[in-house]
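Reviewing the structure listed below.
Every number here is computed from the coordinates shown, using simple stated rules; none is lab data. These figures come from a predicted structure and were not determined experimentally. Neighbour counts are summed over all protein chains in view; Cβ atoms, including those assigned to glycine, are modelled from backbone coordinates with ideal geometry.
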């Protein structure tokens, strides 16, 4: 049986403790402690990994991510690594020229803050000789050109869907921005990827995530949504063929246009994954609202518009009273419920629906952008885990120019209250929402601790990017790292992972430095040197 001795640095242990050395035997951690004691237990053929002053951590688990979608987008017109209309148009034009055979120009990653009022226009894409469908960075809107609107039959007379909005100009003409459910008017017309395409995208994403130390995740939408296709067959294929190396939980999509009649289908989808070692479909994702910047996040008081009101109070995608019954039934069937909740009303509706459910099902609420202060202690009281996406908790253009003006001063101060949740005893897990934002857990930890943009971010040059955003809500590094490891492993039901302890799975990450020994402002500099899944190296030197 293969053995590996990790020495020459430190290993991060539960509670923020450290050890000098770790011995792995086969796919499990065999010993942890002082180097002399651990080395004594190694066999004659033991391999040694010199940490070279770096840090050994448990493998990261991303508790809210979309790898198949990200893998598909990486093969299309990817705008996530550039910023600004000129840069977007240059990349779109280059992609179109390089792919003359593509019937549609597809991709995404554009940022609302790059456009006045957060809104691009169809005319900016009308130079293309083909229809275009480009998804916003947050995946809550799409930017399309006139040809795409024409193919979809969208005119000034087309009504808004119940769960979305067609952006219109002062004359009532569609501008080319489709919010939320309105994306479904165009998305399904684009070329659909086959199972082979989805599996290839999943495996590409897996390789990339391994390079960032992510060894497990929860896919936050496994089902057709906003023009995307059902990813369940791709996961079943990759897992049954042995190509899925990571440990994955799929959050089955709750169709918000339907009710409890879909639960038997969800049970059947869960059963389809039974017996697979690396994939389980044991969670159900309910998207309760949208996002603040397009006024679809569910809030209690109306949005502000330039000092006045008139933005409405957003959308609750599932009627709150019906939601309680749906969640209670899912809970009785042993499903974990995974909520998307951005606005304070959506957070409250999620918590209300989870009242009386079984904490053993490990329910969690993701994003948590705005929490009314009286609801903060309810997470600990109800045994509901707070699923953090720390990267968003900074001063960047979207926050300063759209979000804060639309929310108003008091409500803006309720954003991403990580420290308040911690003080009231909430359990944490953490994720990236990739491809909405970077999949790199190190960058997320940097923001959780500093509440500033990592200098590597495309938003790092914004004037207030290095001004801490509500710094009283920052976390210490040990708490942030624990959220990305033990916290997220727990939410996935991986009780033998997430911590470095004898008997646990040897899912491990070697960082090229020890961020605990360096200034907090330099956390972002840490890089993953090696990644191991069950004792097998999957990335690195």
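Here is the size of the chain from its Cα atoms: Rg then Dmax, 23.0, 79 Å. Quick one: if the Förster radius is 41 Å, what FRET efficiency do residue 46 and residue 265 give, using the C-beta to C-beta distance and rounding to 0.05? Computed FRET efficiency for residue 46 and residue 265 comes out at 0.25.
In the calculated pair-distance distribution of the stretch 350-440, the portion above 23 angstrom amounts to 28 percent of the Cα-Cα pairs.
For the pair the stretch 464-535 / the stretch 346-389, the C-alpha centres are spaced 23 Å from each other. Relative contact order of the chain, taken over Cα pairs closer than 8 Å and 6 or more residues apart, is 17 percent. Could you tell me the calculated FRET efficiency between residue 332 and residue 90, based on Cβ-Cβ distance and R0 = 60 angstrom, to the nearest 0.05? With R0 = 60 Å, the Cβ-Cβ based efficiency is 0.65. Rounded to the nearest 500, the helix-only mean residue ellipticity at 222 nm of the chain stands at -6500 deg cm²/dmol, with each DSSP H run of n ≥ 4 adding -39,500 (n - 2.57). Computed from Cα positions, the angle between helix 195-211 and the longest principal axis of the chain comes to roughly 50 degrees. Cβ-Cβ distance of residue 99 and residue 171, R₀ of 45 Å, FRET efficiency by 1/(1 + (r/R0)^6): the value works out to about 0.85.
Hey, rough spin-label estimate for residue 305 and residue 192, points 7 angstrom out along Cα→Cβ, what's it come to in nanometres? Modelled inter-label distance: 3.7 nm. Arranged from fewest to most other beta-carbon atoms within 10 Å of their beta carbon, 381, 76, 285 become 381, 76, 285.
Exposure proxy shown here: for 528, 510, the number of other Cβ atoms within 10 Å sets the order, fewest to most, as 528, 510. Modelled label positions at residue 123 and residue 276, each set 7 Å beyond Cα in the direction of Cβ, lie 4.8 nm from each other.
The DSSP beta bridges internal to the chain are antiparallel in roughly 50% of cases.
Tilt of helix 344-354 relative to the longest C-alpha principal axis of the chain, in degrees (0 to 90, nearest 10)? Between helix and principal axis, roughly 60 degrees. Using C-alpha pairs below 8 Å separated by at least 6 residues, the relative contact order for the stretch 283-369 is 34 percent. DSSP beta bridges confined to the stretch 67-189 are antiparallel in about 60 percent of cases. For 428, 18, 279, the sequence from fewest to most other C-beta atoms within 10 Å is 18, 279, 428. Of the three principal axes defined by the Cα atoms of the stretch 67-189, the extents in descending order read 36, 29, 28 Å.
Rounded if a/c is under 1.5, else prolate if a/b is larger than b/c, else oblate: which is the stretch 396-439, with a ≥ b ≥ c the root eigenvalues of its Cα gyration tensor? Because a/c hits 1.5 or more and a/b fails to exceed b/c, the stretch 396-439 counts as oblate.
Angle between the Cα long axis of helix 85-98 and the longest principal axis of the chain, 0 to 90 degrees, nearest 10? The angle comes out at about 80 degrees.
Projected label points at residue 82 and residue 240, each 7 Å from Cα along the beta carbon direction, are separated by 4.2 nanometres.
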